Every structure is written in structure tokens, then in C-alpha cells.
Amino acid sequence: MGRRVAVPFPPRRIVSLVPSQTELLFDLGLGEKVIGVTKFCVHPPEARTKATVIGGTKNFDFEKIAALKPDLIIGNKEENYQAGIEQLAADYPVWLSDISNLPEALDMIRRVGFIAGAKEKAEALAAEIDASFVALATSTKEASPVSVAYFIWRKPYMVATTGTFIDAILSRAGFTNAFAKQVRYPEITAEQLAAAAPQRIFLSSEPYPFGEKHLAEFQAICPDAEIEIVDGELFSWYGSRLRKSAAYFSQLR
């Protein structure tokens, strides 16, 4: 982010404002230092019972955070909101990630490990994830690209496109984005979907909870497409959950 953040080393009272980074902290063995999380921090299950829930990713409870007296707050440029981050940064060290592809995710893992006092574990984790994606690329390099429309929302329909972490991960998995000419998370119509004619349609399990009941709706728009519910966490969580992503993508192919 280009911001200078002075952090006591090692930090002992960490508030995490991002679900994937909360999970990362626990997987790095730093769970005892995590004193505050959001209501969306569902992994690991004990995160919201061991730590104080300080609101959502885009609506912080500043009084709860103040009571926790954090010496480090970890957030993300896209998942959190600027006004809230600026208010927190006036009183606490706030470190933000900004992630749109796999190398940036691996860099974040290493940086969080270094900042929070688990450098070696973070280095090993990043190396493991990197190797899994190298192996995935090797296994898919001879396959023909498959066009995909990746839906994150319904009413209105919204897809993930160029400039998003999801799009970068789709590419790593050997897919091409049917809406690559658009940027980030555009709204699209049923007519636009039909015209794009993707070979496959992925309905993400989050943030909109797509389910089996929605398959027929999209099949009617694209009769020739293969439509399936996919694990949104394995496409969009850019922390330690990436350890499971490459194997999942290999099965999807």
C-alpha cells in the first residue's frame, strides 16, 4: 500500500479485519495473539469464540476495538472500507494487504508471518502453496482453455472479471474468463450471458449463497453450458486456505 506502519515486535494483541487473514494467523500458530475478528471470520471455528467479534468487514465497532487495546490491526484494501481504516489508523498500527493475484497473496503470507513473529512458518506455507500451483500449471498446460463465467451475486447478476483475485486464480487453473473485457465485478444481464456463451458457469458459494435450486435458472439462459456450484473460499480466500485450492481446481478441470 506504500504506507509506513510502525509495529511493536512481536505484536501481542492483534485484531484481524479479514476472514482469510484471520485463518492465516491461526494456521501460523498465532491464534493466541488474535484478540479481535469480524463476524465473517468463520475459519477456524474457534476464532469467533476465542476472540471478540468487532463487527463486519465494512462496519467496525470502534468502541469494542478500543477496549481491546490492539498493538496491530490487519486489514485489506478491498475487503475493508477506507473511512473505517483511516479512523483506526489514527490510533493504532494498521497494516493493509492489497491482493489481486497469486504472487501478491504469497507475499502477503510472508509479510504477515514476518510482522507477527512466525517468519519461518509463513515462508514454508508460501512455498507449499507456490509448489502446488506450479504442479497444477504443469498438469493443465496441454489442455485447451475452457471459458468460464464466475458468478458472485444474483439479483442483479454479478461476475468476477479482470483485475480480481478470482480472475487471476481462474487463469492459474487453466480457465479463461468469458467476461474478460469487463473490469472487476460488473453487473450483467441474462442477454449478455447468453451472448458470451461460456462453456462452463461457476456459481460461487459466497458471497451470494448459490445452491442447487439456481442451476435450472442458468441452464435456461445457457442450455449448452456446464453449470456447477463451486467453493468460493477456494477461489477467493488468499491466505492459508490456498493450500487446498490447486487440488480442488485439478478436480474441477
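Report, in listed order, any pair from K50/K121; K39/K155; K39/K181; K64/K121; K69/K119 with a Cα-Cα distance greater than 26 Å. Check vs 26 Å cut-off fails for K39/K181; K64/K121. By the count of other C-beta atoms within 10 Å, a proxy for reagent exposure, S16, S245, S144 are ordered fewest to most as S144, S245, S16.
What you get for the stretch 14-130, charging only the Cβ of Lys and Arg (+1) and of Asp and Glu (-1), is a dipole of about 340 debye around the Cα centre. Of the residues C222, C41, the one with the fewest other Cβ atoms within 10 Å heads the list, and the complete ranking is C222, C41. For the chain, the longest principal axis of the Cα atoms and the long axis of helix 102-116 meet at an angle of about 20 degrees.
Against the chain, whose longest principal axis is taken from its Cα atoms, helix 119-140 shows a tilt of about 10°. For the stretch 13-159, the Kirkwood radius over C-alpha pairs fed into Stokes-Einstein at 4 °C and 1.567 mPa s yields D = 78 µm² per second. Looking at the chain alone, DSSP beta bridges between its own residues are antiparallel in about 15 percent of cases.
Relative contact order for the chain: 17 percent, from Cα pairs under 8 Å spaced at least 6 residues apart, divided by residue count. Semi-axis lengths, largest first, of the ellipsoid equivalent to the chain are 34, 21, 15 Å, with √(5λ) applied to each eigenvalue of the Cα gyration tensor. Shown here: the stretch 44-88, whose C-alpha atoms stretch 28, 22, 17 Å along the first, second and third principal axes, sorted largest to smallest.
For the stretch 1-65, the mean projected area of the C-alpha convex hull, equal to one quarter of the hull surface, is 4.8 nm².
Every read-out reported here was derived from the displayed coordinates using simple, explicitly stated rules and does not represent laboratory data. Here the structure is a predicted model, which means the values were calculated and not measured. Counting neighbours? That spans all protein chains shown, and the Cβs are built from the backbone with ideal geometry, glycine included.
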